[in-house]
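Student: There's a structure below that I have some questions on.
The values are calculated or read from the model by the stated rules, or taken from the named source; none is laboratory data. The structure displayed is predicted, hence computed values, not measured ones. Positions of Cβ are backbone-derived with ideal geometry, glycine not excepted, and every protein chain shown enters the neighbour counts. Ligands, DNA and RNA are stripped out before the accessible areas are found, and what is left, the full protein with its side chains, is counted by its heavy atoms. Shrake-Rupley method; radii C 1.70, N 1.55, O 1.52, S 1.80 Å.
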Amino acid sequence: PEVFGQFPLVLLIQGLAASFSSIQGGEFLISRRGDVKGVYGTVFTADVILSTITVLIVLAAARPLMGITGQPDLAWFLRVSILACLVQPFGMVGALANRELDFWRTGSVQIVGILLGPVLKLALVAAGFGLWSLILGELVRQCVEVGILWYRAPDRPTWGLDRAILVDTLRFSFPVALTGIITFYY
(Lines give C-alpha, C1' and ligand atoms only; values in the text may rest on other atoms or scores of the structure.)
Protein backbone atom coordinates (compact mmCIF):
# COMPACT_ATOMS: atom_id res chain seq x y z
CA PRO A 1 0.00 0.00 0.00
CA GLU A 2 2.85 2.41 0.75
CA VAL A 3 4.26 1.94 -2.76
CA PHE A 4 0.91 2.72 -4.35
CA GLY A 5 0.79 5.94 -2.34
CA GLN A 6 4.27 6.96 -3.48
CA PHE A 7 3.63 6.29 -7.18
CA PRO A 8 0.98 9.03 -7.64
CA LEU A 9 3.23 11.46 -5.77
CA VAL A 10 6.11 10.81 -8.19
CA LEU A 11 3.71 11.01 -11.15
CA LEU A 12 2.34 14.31 -9.87
CA ILE A 13 5.77 15.97 -9.96
CA GLN A 14 6.69 14.21 -13.22
CA GLY A 15 3.42 15.30 -14.83
CA LEU A 16 3.94 18.88 -13.74
CA ALA A 17 7.41 18.92 -15.30
CA ALA A 18 6.19 17.11 -18.42
CA SER A 19 3.55 19.78 -19.01
CA PHE A 20 6.42 22.18 -19.75
CA SER A 21 8.34 19.77 -21.99
CA SER A 22 6.39 20.22 -25.22
CA ILE A 23 5.19 23.02 -27.47
CA GLN A 24 2.12 20.88 -28.24
CA GLY A 25 3.13 20.68 -31.88
CA GLY A 26 1.12 17.52 -32.50
CA GLU A 27 -2.12 19.49 -32.20
CA PHE A 28 -0.70 22.14 -34.53
CA LEU A 29 0.19 19.46 -37.08
CA ILE A 30 -3.34 18.09 -37.00
CA SER A 31 -4.92 21.53 -37.48
CA ARG A 32 -2.53 22.73 -40.20
CA ARG A 33 -3.79 22.70 -43.79
CA GLY A 34 -1.63 21.76 -46.74
CA ASP A 35 1.90 20.38 -46.63
CA VAL A 36 3.24 19.88 -43.13
CA LYS A 37 6.76 18.62 -43.95
CA GLY A 38 8.54 21.73 -42.62
CA VAL A 39 6.17 22.02 -39.67
CA TYR A 40 6.74 18.37 -38.78
CA GLY A 41 10.51 18.77 -38.52
CA THR A 42 10.32 22.07 -36.65
CA VAL A 43 7.87 20.94 -33.98
CA PHE A 44 9.70 17.64 -33.54
CA THR A 45 13.08 19.40 -33.12
CA ALA A 46 11.61 21.99 -30.75
CA ASP A 47 9.99 19.28 -28.63
CA VAL A 48 13.22 17.27 -28.45
CA ILE A 49 15.11 20.38 -27.32
CA LEU A 50 12.46 21.39 -24.78
CA SER A 51 12.14 17.84 -23.45
CA THR A 52 15.90 17.56 -23.03
CA ILE A 53 16.04 20.84 -21.11
CA THR A 54 13.13 19.75 -18.90
CA VAL A 55 14.73 16.38 -18.16
CA LEU A 56 18.10 17.97 -17.29
CA ILE A 57 16.42 20.43 -14.90
CA VAL A 58 14.42 17.69 -13.17
CA LEU A 59 17.45 15.40 -12.94
CA ALA A 60 19.36 18.17 -11.17
CA ALA A 61 16.45 19.32 -8.98
CA ALA A 62 14.79 15.97 -8.19
CA ARG A 63 15.76 15.86 -4.52
CA PRO A 64 14.56 19.42 -3.70
CA LEU A 65 11.39 18.85 -5.76
CA MET A 66 10.56 15.68 -3.86
CA GLY A 67 11.63 17.40 -0.65
CA ILE A 68 8.77 19.86 -1.15
CA THR A 69 6.39 16.91 -0.90
CA GLY A 70 8.17 15.65 2.22
CA GLN A 71 9.55 12.62 0.37
CA PRO A 72 13.16 13.43 -0.67
CA ASP A 73 13.93 9.70 -0.77
CA LEU A 74 11.74 9.41 -3.88
CA ALA A 75 14.14 11.55 -5.94
CA TRP A 76 15.60 8.57 -7.85
CA PHE A 77 12.13 7.42 -8.82
CA LEU A 78 11.42 10.89 -10.20
CA ARG A 79 14.75 10.93 -12.05
CA VAL A 80 13.89 7.71 -13.84
CA SER A 81 10.24 8.53 -14.52
CA ILE A 82 11.10 11.93 -16.07
CA LEU A 83 13.00 10.09 -18.81
CA ALA A 84 9.59 9.51 -20.40
CA CYS A 85 9.78 13.14 -21.55
CA LEU A 86 12.62 12.15 -23.86
CA VAL A 87 10.42 9.52 -25.47
CA GLN A 88 7.34 11.69 -26.06
CA PRO A 89 8.59 13.80 -29.00
CA PHE A 90 9.15 10.63 -31.02
CA GLY A 91 5.47 9.83 -30.60
CA MET A 92 4.65 12.82 -32.79
CA VAL A 93 4.44 10.41 -35.71
CA GLY A 94 1.10 9.43 -34.16
CA ALA A 95 -0.19 12.99 -34.61
CA LEU A 96 0.54 12.73 -38.31
CA ALA A 97 -1.42 9.46 -38.47
CA ASN A 98 -4.34 11.13 -36.67
CA ARG A 99 -4.14 14.04 -39.11
CA GLU A 100 -4.56 11.55 -41.94
CA LEU A 101 -7.48 9.96 -40.02
CA ASP A 102 -5.49 6.73 -39.73
CA PHE A 103 -6.78 5.94 -36.25
CA TRP A 104 -6.04 2.24 -36.66
CA ARG A 105 -2.29 2.95 -36.59
CA THR A 106 -2.45 4.85 -33.30
CA GLY A 107 -5.32 2.85 -31.79
CA SER A 108 -3.66 -0.51 -32.34
CA VAL A 109 -0.52 0.76 -30.63
CA GLN A 110 -2.57 1.98 -27.66
CA ILE A 111 -4.13 -1.48 -27.38
CA VAL A 112 -0.63 -2.99 -27.20
CA GLY A 113 0.21 -0.55 -24.39
CA ILE A 114 -3.04 -1.27 -22.55
CA LEU A 115 -2.22 -4.98 -22.60
CA LEU A 116 1.54 -4.73 -22.02
CA GLY A 117 1.56 -2.15 -19.22
CA PRO A 118 -0.32 -4.03 -16.50
CA VAL A 119 1.25 -7.40 -17.38
CA LEU A 120 4.75 -5.96 -17.16
CA LYS A 121 4.02 -4.05 -13.94
CA LEU A 122 2.46 -7.09 -12.26
CA ALA A 123 5.38 -9.28 -13.31
CA LEU A 124 7.82 -6.78 -11.80
CA VAL A 125 5.72 -6.50 -8.62
CA ALA A 126 5.70 -10.30 -8.32
CA ALA A 127 9.49 -10.27 -8.74
CA GLY A 128 9.74 -7.89 -5.76
CA PHE A 129 10.65 -4.63 -7.48
CA GLY A 130 8.24 -2.55 -5.38
CA LEU A 131 7.83 1.04 -6.59
CA TRP A 132 10.39 0.39 -9.34
CA SER A 133 7.89 -2.02 -10.93
CA LEU A 134 5.41 0.81 -11.49
CA ILE A 135 8.00 3.37 -12.62
CA LEU A 136 9.90 1.03 -14.95
CA GLY A 137 6.74 -0.65 -16.19
CA GLU A 138 5.29 2.69 -17.24
CA LEU A 139 8.53 3.84 -18.88
CA VAL A 140 8.91 0.58 -20.82
CA ARG A 141 5.25 0.72 -21.91
CA GLN A 142 5.73 4.22 -23.30
CA CYS A 143 8.96 3.25 -25.05
CA VAL A 144 7.31 0.23 -26.67
CA GLU A 145 4.30 2.26 -27.85
CA VAL A 146 6.44 5.02 -29.33
CA GLY A 147 8.86 2.49 -30.81
CA ILE A 148 6.03 0.73 -32.64
CA LEU A 149 4.60 4.06 -33.86
CA TRP A 150 8.03 5.14 -35.06
CA TYR A 151 8.70 1.82 -36.78
CA ARG A 152 5.32 1.82 -38.57
CA ALA A 153 5.41 5.52 -39.54
CA PRO A 154 5.52 6.08 -43.29
CA ASP A 155 7.11 9.50 -42.76
CA ARG A 156 9.43 10.44 -39.91
CA PRO A 157 10.34 14.00 -38.99
CA THR A 158 13.67 15.52 -39.95
CA TRP A 159 15.80 17.73 -37.75
CA GLY A 160 15.54 21.46 -38.24
CA LEU A 161 14.10 24.68 -36.92
CA ASP A 162 12.30 27.19 -39.10
CA ARG A 163 11.82 30.39 -37.11
CA ALA A 164 8.60 31.45 -38.88
CA ILE A 165 7.03 28.01 -38.39
CA LEU A 166 8.15 27.93 -34.76
CA VAL A 167 6.56 31.34 -34.05
CA ASP A 168 3.36 30.23 -35.81
CA THR A 169 3.33 26.99 -33.81
CA LEU A 170 3.88 28.80 -30.52
CA ARG A 171 1.01 31.20 -31.27
CA PHE A 172 -1.28 28.24 -31.81
CA SER A 173 0.13 26.04 -29.08
CA PHE A 174 0.44 28.45 -26.16
CA PRO A 175 -3.30 28.40 -25.32
CA VAL A 176 -3.37 24.61 -25.79
CA ALA A 177 -0.39 24.16 -23.45
CA LEU A 178 -1.81 26.61 -20.92
CA THR A 179 -5.14 24.78 -20.93
CA GLY A 180 -3.29 21.50 -20.37
CA ILE A 181 -1.38 22.94 -17.40
CA ILE A 182 -4.58 24.37 -15.86
CA THR A 183 -6.36 21.06 -16.39
CA PHE A 184 -3.44 19.21 -14.80
CA TYR A 185 -3.60 21.41 -11.69
CA TYR A 186 -7.37 21.15 -11.53
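Student: If Lys and Arg each add +1 and Asp and Glu each add -1, what is the summed charge of the other residues whose beta carbon sits under 9 Å from the beta carbon of residue 39?
Tutor: -1
Student: Turning to a different aspect of this structure: Taking only C-alpha pairs under 8 Å that are 6+ residues apart, what is the relative contact order of the chain in percent?
Tutor: This gives 34 percent for the chain.
Student: Could you tell me which residue out of 40, 5, 24 lies farthest along the dipole of region 1-71 toward its positive end? Charges go on the beta carbon: Lys and Arg +1, Asp and Glu -1, centred on the Cα centre.
Tutor: Looking along the dipole axis, the top candidate is 40.
Student: Turning to a different aspect of this structure: Can you give the angle from 0 to 90° between the axis of helix 103-126 and the longest principal axis of the chain, with both taken from C-alpha atoms, to the nearest 10?
Tutor: With both axes taken from Cα atoms, the answer is about 10 degrees.
Student: Then there is this: What number in nm² do you get for region 91-185 if you take the convex hull of its Cα atoms and divide its surface by four?
Tutor: 8.3
Student: Order the following by accessible area, largest value first: 52, 179. Probe radius 1.4 Å; ligands, DNA and RNA are ignored.
Tutor: Ranked list, largest accessible area first: 179, 52.
Student: Hey, if we sort 162, 35, 102 by accessible area with the 1.4 Å probe, largest down, what's the order?
Tutor: 35, 162, 102
Student: While we're on this one: What relative contact order, as a whole-number percentage, does region 69-179 give when Cα pairs under 8 Å and 6 or more residues apart are counted?
Tutor: Reported relative contact order: 33 percent.
Student: Okay, next question. Hey, rough spin-label estimate for residue 73 and residue 9, points 7 angstrom out along Cα→Cβ, what's it come to in nanometres?
Tutor: 0.9
Student: From largest to smallest, what semi-axes in whole angstrom does region 1-75 give when each is the square root of 5 times an eigenvalue of its alpha carbon gyration tensor?
Tutor: Equivalent-ellipsoid dimensions as semi-axes: 34, 14, 7 Å.
Student: Counting only protein heavy atoms and a 1.4 Å probe, tell me what percentage of the chain's accessible area is made up of carbon and sulfur.
Tutor: 70
Student: On a 1.4 Å probe surface of the protein chains, which of 83, 29 comes out largest in accessible area, and what is the full order?
Tutor: The ordering from most to least exposed comes out as 83, 29.
Student: If you don't mind, another one. Between residue 139 and residue 164, what's the calculated FRET efficiency when r is the beta-carbon distance and R0 is 45 Å? Round to 0.05.
Tutor: E(calc), rounded to 0.05, equals 0.80.
Student: Expressed as an acute angle from 0 to 90° and rounded to the nearest 10, what is the orientation of the C-alpha long axis of helix 37-68 relative to the principal long axis of the chain?
Tutor: 20
Student: Would you work out which of 126, 86, 164 lies farthest towards the positive end of the dipole of the chain? Charges go on Cβ: Lys and Arg +1, Asp and Glu -1.
Tutor: 164
Student: With each run of n ≥ 4 DSSP H residues scored as -39500 (n - 2.57), what mean residue ellipticity at 222 nm is computed for the chain after dividing by its residue count and rounding to the nearest 500 deg cm²/dmol?
Tutor: -25500 deg cm²/dmol
Student: Assign unit charges at the C-beta atoms only (+1 for Lys and Arg, -1 for Asp and Glu), then state the dipole size of the chain relative to its Cα centre in Debye, rounded to the nearest 20.
Tutor: In debye, rounded to 20, the chain gives about 160.
Student: Would you mind working out the accessible area per residue for region 88-186, using a 1.4 Å probe, and quoting it in Å²?
Tutor: Counting only protein heavy atoms, the per-residue value for region 88-186 is 61 Å².
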